[in-house]
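The values are calculated or read from the model by the stated rules, or taken from the named source; none is laboratory data. Only a predicted model underlies this, so the values are computations on that prediction, with no experimental measurement involved. Here the Cβ positions follow ideal geometry from the backbone for every residue, glycine too, while neighbour counts run over all protein chains shown. Just so you know, the surface numbers come from the protein's heavy atoms only, side chains and all, with ligands and any DNA or RNA stripped out. Shrake-Rupley method; radii C 1.70, N 1.55, O 1.52, S 1.80 Å.
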Amino acid sequence: MRKFIFIKLTFLIFLLTFIFVNFTFPQETKHLNVEIFLNEKSYTSQDTIFPIFKISIKNGYHINSYKPIDTSFIPTTISINSEDFKIHTLHFPNDKIFDFQGISINVYEGVIYIGTKITPNKKIKNGTYPVKFTLNYQACSDKICDLPEKVDILTEIIIDSTSGKDDIVNKEIFSKIDFSNPSVAFKSDSEVGIHQTEKLKTETSEDEISKKIESEGILLTLIFIFIGGLGLNLTPCIYPLIPITISYFGSQTGKSKSESIINGTFYAIGMAITYTALGLFAALTGGLFAEFMQKPVVLVGIAIIFILLSLSMFGLYEIRVPQKLALTGSKTRKGFLGSFVMGLFVGVIAAPCIGPIILSLLIHVGQVGKPLYGLLLFGTLSLGLGAPYIVLAAFSNALSKLPRSGEWMIGVKVIFGLILIGVAFYYLIPVLPKDIGNFIFYAYFIVAGVYLVLIDKKGENSKVFTKIKYIFAILAIIIGTYNLKASIDEYNLKHNISTTQGNTVQWILTDNIQSIDNVIKNADKPIMIDFYADWCLECKQLDKETYRNPEIIELSKSFINIKVDLTKTNQAIQDRFNIKGLPVVAFLDRNGNEIKSLRVTGFEPPEDLKVKMEKVLKNDNK
């Protein structure tokens, strides 16, 4: 009897150990450790559950961001495999910029926390439910990118609708995630749980704007927005108001210069509140904006709006503020409060001209969804828009020194119209076929610059404006040409297209094991096989630098050169050639035997690859 009890206890200990290992113990791979944390011990069927994943990335490695700058790279994702639960949102941390040989990518390093928001099936019953999440990622070192991996993370979720509300657990962990600002929103009407992975938001041009702001720095962005605010004072809706504004400040008789400056400040604050309130509204309704921006048809609609708004800048029609409202704002008011109210009304009156610019920022801020961020961007724009009025209030006798309204302002509208068409093209980039969107966008820069120089003659009676217009046009042509060439070069590099015959190694392209075997079988010289993938940064660098080196190109003529695409997993090729990461360059003699001592793993500069290629040829000539 005791022996039987001992066997039962042993089995129970084994079972508990199995459950402990699978549901609470961290999952570990070559690159990272993963732990999962829940915010409560049990939940009701109506609760929202917030699992958080602590990912400790090992030294020497990084994994790609959830939204890589280069869309050919493998993003980090988390999915759920359950019939009982579904994911609504994912919450990723800020990434870091990693520079490799002059190429920037956004990655995660060290310890990161990823939050998820999930809900149970409405028909779920009380009980303990095993739930499996899957972390998909790709890890790279500074020399080689390992093949994409996935880690299954298991946990238990207890549903008990009869119990009271549990205290929050793991408070320190949960303080690291802002669950009000999702990085990824899944479709609300998606089926429950099963393999819920790739239902991500359609990437919009505003996502790219966010990345550029992060990579170039918020300070530089704010400087440009401030300058843009200053420039908006030259639009035809605002510039004619400047003399009226100066007259208003001049009518405040008996005021000292310091009081005039305070008047101007209140006037600028009034203008600022109008636009900053819009920014705050966009940020607070960011979730609605994010949901709205999921479909390509919405991006096309936004592009059409910008084109229609640009037509108003070209004079096809005008957007006017009701005259009664404009007259209400022009009534004379005294004191600081009067200046503030005047600023509010001027903000509304100016809207038809600067509305298109405001709209583009509204969409961006709504996409980001952070109230402080919206306040910061629109506050900066408003500061640029209102700053001149503080100066004008101090020097209200400067009316005679201002340039008169005239045809040059129509020229300003033309420039703004061209900018709005450019913004429309920018929104169409995610909708158009891959690479084509970039080509069209940067080609438009060139077309707009040429149009301003050769066709548009508005405002050329003003020498100052004409010089500014030509500078703007030349910059547009330079930026467009530079980026168009870069896009074409990137396309050629990605598809292994030579712009001139012989400026890179000439390859036999394949992703098939039979094709490789056939080439090896009929080889009459040594073989160089390059294994690559579109998501491999070091592979791109090999193509860009090493394989375009004249000495490497010349040596490659003595080899049969095979380039094998492993962008999609090909287990047969990976097993046959023992591929664990990319890039790999393998050298085979003419009998098909690999010279393993000369295998290349990772980026290889031209001078190092040259030495190995010469060794292969030397052995072949013996």
**Request:** Filter region 76-85 down to residues that are more than 19 Å from I177 (Cβ to Cβ) and surrounded by 19 or more Cβ atoms within 10 Å (Cβ to Cβ) and give me whichever is modelled with the lowest pLDDT.
**Result:** S82
**Request:** Determine the pairs where a residue that is under 16 Å from E545 (Cα atoms), located within region 588-605, has a partner that is open to solvent by 50 Å² or more (accessible area, probe 1.4 Å) and part of a helix (DSSP H, G or I) with Cβ atoms under 8 Å apart, the partner being 6 or more residues away or on another chain.
**Result:** P605/E545
**Request:** Give the residue that is most open to solvent (accessible area, probe 1.4 Å), with candidates limited to residues of region 454-465 that are free of Cβ contacts under 8 Å to residues at least 24 places away in the same chain and part of a helix (DSSP H, G or I).
**Result:** K463
**Prompt:** Which residue, of K150, K165, K176, K212, is closer than 21 Å to I63 by Cα and at pLDDT below 80?
**Reply:** K212
**Prompt:** Where residues in region 91-105 are modelled with pLDDT of 80 or more and either within 12 Å of C140 (Cα to Cα) or hydroxyl-bearing (S, T, Y) (or both), which of them is least open to solvent (accessible area, probe 1.4 Å)?
**Reply:** I105
**Item:** Residue that is farthest from the chain's Cα centre (by Cα) [pool: residues in region 477-521 that are basic (K, R) and modelled with pLDDT of 80 or more]
**Value:** K521
**Prompt:** Quick check, is D620 in contact (Cβ under 8 Å) with a residue 24 or more places away in the chain and more than 28 Å from S72 (Cβ to Cβ)?
**Reply:** yes
**Request:** Looking only at region 414-456, count how many residues are touching a Pro at 6+ places or on another chain (Cβ under 6 Å) and closer than 19 Å to L475 by Cβ.
**Result:** 1
**Message:** Can you report the number of residues in region 128-154 which are farther than 30 Å from V585 by Cβ, touching a Phe, Trp or Tyr at 6+ places or on another chain (Cβ under 8 Å), open to solvent by 30 Å² or more (accessible area, probe 1.4 Å) and of a type outside the set (S, T, Y)?
**Reply:** 3
**Pick from region 466-482, criterion crowded, with 20+ Cβ neighbours inside 10 Å and of a type outside the set (D, E, K, R), ranking: nearest to V414 (Cα to Cα)** = A473
**Asked** Does S72 satisfy the condition of being of a type in the set (G, A, S), open to solvent by 20 Å² or more (accessible area, probe 1.4 Å) and closer than 25 Å to L147 by Cα?
**Response** no
**Request:** Check whether at least one residue in region 453-463 is touching a helix residue (DSSP H, G or I) at 6+ places or on another chain (Cβ under 9 Å) and under 19 Å from A424 (Cβ atoms), and report yes or no.
**Result:** yes
**Prompt:** Which residue pairs have Cβ atoms under 6 Å apart, sit 6 or more places apart or on different chains, and have a first residue in region 546-567 that is within 13 Å of V585 (Cα to Cα) and a second that is open to solvent by 30 Å² or more (accessible area, probe 1.4 Å) and part of a strand (DSSP E or B)?
**Reply:** I562/I508; K563/L509
